[in-house]
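Inspection log for the structure reproduced underneath, given as structure tokens.
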């Protein structure tokens, strides 16, 4: 089994597009060229080892954070449908250099979510998903009731992000986490 640290998930295949094997991809990357420039990528089904593939072409859907791509060897809708929910990967060393205090969106996944409770900071949940299409939301799962909540990904609410120590701190408006 290959270590997760060797790979960077750049997108999720959401569905087929048309009858010629094209794929809809939900982007988890800020770098559009990962879906538009031909080259080597990998597909991962569930937690299996990634399988190499070649991106032939791709384009961004107008006004969306999703892309339509063509992969070598995927020629029809049935083949494309079999890849639904698969992850599209690149090697983790194939990431553009970031400035200090910058991070890749998918680095937020599985971070502990901390909150000021009375006079201390406590872990209250975990980041379980990102919603980047049309808005920037993070989905956190609270430990106390195992329920998911959508949190706007804005600096007024997500006040601290520490990818090295694997946590973020939120300051939600009153009532946002109450249900």
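The values are calculated or read from the model by the stated rules, or taken from the named source; none is laboratory data. No experiment lies behind these values; they were computed from the predicted model shown. Cβ coordinates were reconstructed from backbone atoms using ideal geometry, including for glycine residues, and neighbour counts include every protein chain displayed.
Does the stretch 106-117 contain at least one residue that is without any contact (Cβ under 8 Å) to a residue 12 or more places away in the chain, in the same structural domain as residue 129 (by TED's automatic domain parsing) and surrounded by fewer than 20 Cβ atoms within 10 Å (Cβ to Cβ)? Within the stretch 106-117, one or more residues are without any contact (Cβ under 8 Å) to a residue 12 or more places away in the chain, in the same structural domain as residue 129 (by TED's automatic domain parsing) and surrounded by fewer than 20 Cβ atoms within 10 Å (Cβ to Cβ). Given the options 151, 157, name the one that is closer than 23 Å to residue 120 by Cβ and within 16 Å of the chain's Cα centre (by Cα). It is 151.
Quick grid of which residues meet (1) at pLDDT 90 or above; (2) in contact with a helix residue (DSSP H, G or I) (Cβ under 7 Å, 6 or more places away or on another chain); (3) closer than 30 Å to residue 169 by Cβ:
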| site | (1), (2), (3) |
| --- | --- |
| 17 | yes, no, no |
| 20 | yes, no, no |
| 41 | yes, no, no |
| 53 | yes, no, no |
| 61 | yes, no, no |
| 69 | yes, yes, no |
| 96 | no, no, yes |
| 112 | yes, no, yes |
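For the stretch 74-94, a residue qualifies if it is under 19 Å from residue 39 (Cα atoms), in a loop (DSSP other than H, G, I, E, B) and touching a residue at least 24 places away in the same chain (Cβ under 8 Å), and the qualifying residues are 74, 75, 83, 86, 92, 94.
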